[in-house]
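The values are calculated or read from the model by the stated rules, or taken from the named source; none is laboratory data. The structure presented is a predicted model; accordingly, all values stated were derived computationally and were not measured. Cβ placement follows ideal geometry from the backbone for every residue including glycine, while neighbour counts extend to all protein chains displayed. To get the accessible areas, we keep the full protein, side chains included, count just its heavy atoms, and leave off ligands, DNA and RNA. Shrake-Rupley method; radii C 1.70, N 1.55, O 1.52, S 1.80 Å.
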Amino acid sequence: MSIAFDLRAGDPARAATPLLVVALPAEPAFPRALAALDARYDGALSRAIRRKDFQGGKDEALLLFAPGAGPERVLLVGTGTAEAVKGLTRAAALAGRKANALGVGRLTFWAADLAGAALEGVVAGLALGAWEFKELHTPAPAAKRRKPLTAATVCVANVRAARPALDAGVAVAEGQRLARRLAMLPGNICTPEYLARTARDIAKRHRLTVKVFGRREMARMRMGSFLAVAQATTQDPKLIVLEYKGGRRGEAPVALVGKGLCFDSGGISIKPAPSMELMKFDMSGAAGVLGAMEAIARMRLRINVVALIGSTTNMLGGEAMKPGDVVRASNGKTIEIQNTDAEGRLVLADVLTYAQRYKPQACVDAATLTGACVIALGNTTVGVLGNDQGVIDEVLAAGRRGGEVGWQLPMFEEYKDLIRSDVADMRNIGGRGAGTITAALFLAEFAEGMPWVHLDVAGTAYSETDLVVMPKGPTGTPVRTFVEFVRGRAR
Ligand code: BES
Ligand code: MN
Ligand code: ZN
């Protein structure tokens with residue numbers, strides 16, 4: 001369920017709320033504006049700071065109860081020594097998560113004179129911190145059920161001035177919540193058809209244009225690479241196209257491309273059993289694209305954007321593609337399939353080729369493409385590669401603004417030898433080394449002539465550990481990077 005936000009001016013000391021959240025930096029001085037509140041607490045708030053029970057560190061939280069009227073509880077959360085927006089976003093997320101654990105249902109966040117990106121971060125942080133995935137659990141008996149956070153009031157100095165930042169924060173959070181939910185849903189529920197339906201829902205809600213192509217249409221477009229991956233699945237593969245027209249008529253769009261493997265078994269080159277269930281997340285790039293479109297449409301950004309998703313499952317069977325098979329992609333290039341588990345690039349080959357029809361001003365794809373990216377950069381950094389240094393720098397900056405940091409890997413000519421084939425124009429794997437780079441070099445064969453950047457989110461889209469401000473599971477990456485990039489190019 002999403003959270004209803006509202007804005008209010010005035011002294012938080014008088015707010016009738018079950019939980020008042022106050023975010024403070026490292027080694028805080030007690031804010032003078034909260035003197036009345038402190039008085040209601042018999043000076044306990046300022047004392048907690050003076051006595052260093054609360055020091056404002058990263059992920060630090062202190063909960064206090066008050067007698068009488070006004071806020072029933074105050075939660076102090078630390079923003080630490082991080083840069084302001086980042087620190088506030090994280091502190092708000094921690095508060096959102098704590099509110100859920102307490103079961104208070106609603107809260108008030110004291111935002112004082114925060115504005116712009118800082119306020120947006122607070123709103124997005126609260127909504128994302130409170131995100132959880134409960135829909136496949138049988139609900140606890142009513143008496144034991146704790147209320148999830150469904151309403152938040154943000155206390156600001158100037159309600160009118162704060163409105164745009166609040167709306168932007170909600171837009172970003174709703175996009176990310178959608179992406180997380182889709183990536184969490186298992187392969188038997190979140191199918192290619194389900195992603196198509198989700199795209200149709202977004203289109204309907206915000207009046208976008210949507211086109212969905214199935215196996216038959218893709219065969220007509222000679223997408224032999226994509227269809228090879230879909231050969232052994234009984235589910236109809238989908239090429240989903242979602243057009244948002246917020247810019248001038250005829251203006252070249254930004255193209256956002258997502259890998260949408262609703263399950264990746266590896267195919268004939270089958271994956272080992274341990275952790276194979278994680279491969280339901282192999283549509284995280286597609287989830288990121290859909291989440292970004294939801295956010296972009298909510299923000300009514302003045303720019304044209306086309307979203308392109310290639311969705312299927314990589315399965316085994318008598319019909320399955322085999323190592324050694326040679327297929328022809330829709331741009332005419334031939335590919336020797338040496339490993340059926342390198343399927344993401346086969347799907348993206350035809351989707352990137354399709355993106356070329358739009359002559360996009362820039363094309364950014366996101367894919368959980370290589371395990372090698374997890375080895376190279378771990379779970380906190382997005383792999384970034386591309387054929388246009390200007391756009392690469394723009395995407396890196398967008399990622400930093402959005403709190404999804406990326407790092408560029410090289411695309412030196414020398415690596416291209418690694419994907420050479422004896423029987424076709426290229427093969428779909430490289431050698432043992434540089435797996436993320438050879439995968440990107442493969443994609444580059446289909447992005448020729450358009451400014452293109454590739455995000456490898458294999459390590460960052462999903463967390464296998466609890467991250468304090470979010471539960472184990474999908475992170476929502478790369479929604480923020482997409483949104484910030486598109487925002488940076490909007491009028
Ligand atoms: N979806 C996987 C990439 C992946 C692996 C993401 C592990 C997260 C964790 C992709 O389709 C894949 O299987 N890639 C292979 C490529 C290899 C066969 C060249 C890989 O990385 O092992
Ligand atoms: Mn694979
Ligand atoms: Zn895959």
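Observations on the model:
- The condition (being closer than 20 Å to Leu64 by Cα and under 21 Å from the mean Cα position of the chain (by Cα)) is satisfied by just one residue among Leu128, Leu94: Leu94.
- Some residue of the stretch 424-438 being among the charged types (D, E, K, R), within 16 Å of ligand 1 (Cβ to nearest atom) and at negative phi: yes
- Residue check for Ile240: farther than 21 Å from Leu136 by Cα, assigned to a helix (DSSP H, G or I), of a type in the set (Val, Ile, Thr) and not assigned by TED's automatic domain parsing to the domain that holds Leu88: no
- Every listed requirement among (1) assigned to a loop (DSSP other than H, G, I, E, B); (2) within 13 Å of ligand 2 (Cβ to nearest atom); (3) closer than 21 Å to Arg197 by Cβ is met by Thr234 save one, (2).
- When Pro253, Pro237 are checked against the criterion of being within 15 Å of ligand 3 (Cβ to nearest atom) and open to solvent by less than 60 Å² (accessible area, probe 1.4 Å), Pro237 stands alone in meeting it.
- Among the candidates Glu464, Glu484, residue that is surrounded by 18 or more Cβ atoms within 10 Å (Cβ to Cβ) and either among the charged types (D, E, K, R) or outside the structural domain of Tyr358 (by TED's automatic domain parsing) (or both): Glu484
- Residue count for the stretch 375-408 satisfying the condition of being crowded, with 21+ Cβ neighbours inside 10 Å and among the acidic types (Asp, Glu): 1.
- Criterion (within 30 Å of Arg180 (Cβ to Cβ) and open to solvent by 70 Å² or more (accessible area, probe 1.4 Å)) met by exactly one of Arg32, Arg106: Arg106
- Test: residue in the stretch 205-217 that is open to solvent by less than 10 Å² (accessible area, probe 1.4 Å), of a type in the set (A, V, I, L, M, F, W, C) and either outside any strand (DSSP E or B) or in the same structural domain as Gln356 (by TED's automatic domain parsing) (or both): no
- Count - residues of the stretch 260-275 that are more than 8 Å from ligand 1 (Cβ to nearest atom) and in contact (Cβ under 8 Å) with a residue 12 or more places away in the chain: 7
- Checked against (1) basic (Lys, Arg); (2) over 25 Å from Ala183 (Cβ atoms); (3) out of contact with any helix residue (DSSP H, G or I) (no Cβ under 8 Å at 6 or more places or on another chain), Lys472 passes all but a single condition, namely (2).
- Filter result for Ala252 (over 17 Å from Ser311 (Cβ atoms), in contact (Cβ under 8 Å) with a residue 12 or more places away in the chain and part of a loop (DSSP other than H, G, I, E, B)): yes
- Checking each residue in the stretch 169-204 for being of a type in the set (A, V, I, L, M), farther than 15 Å from Val347 by Cβ, open to solvent by less than 10 Å² (accessible area, probe 1.4 Å) and touching a helix residue (DSSP H, G or I) at 6+ places or on another chain (Cβ under 7 Å) picks out Ala171, Val172, Ala173, Ala179, Leu182, Ala183, Ala199, Ile202.
- Lys416 vs. criteria closer than 26 Å to Ala490 by Cβ, more than 22 Å from the chain's Cα centre (by Cα) and modelled with pLDDT of 95 or more: no
- Considering (1) under 29 Å from Lys147 (Cα atoms); (2) among the small types (Gly, Ala, Ser); (3) more than 31 Å from the chain's Cα centre (by Cα), the lone condition that Ala39 does not fulfil carries the number (1).
- Qualifying residue in the stretch 353-374 (condition: surrounded by fewer than 17 Cβ atoms within 10 Å (Cβ to Cβ), farther than 26 Å from Thr191 by Cβ, more than 16 Å from ligand 3 (Cβ to nearest atom) and of a type outside the set (A, V, I, L, M, F, W, C)): yes
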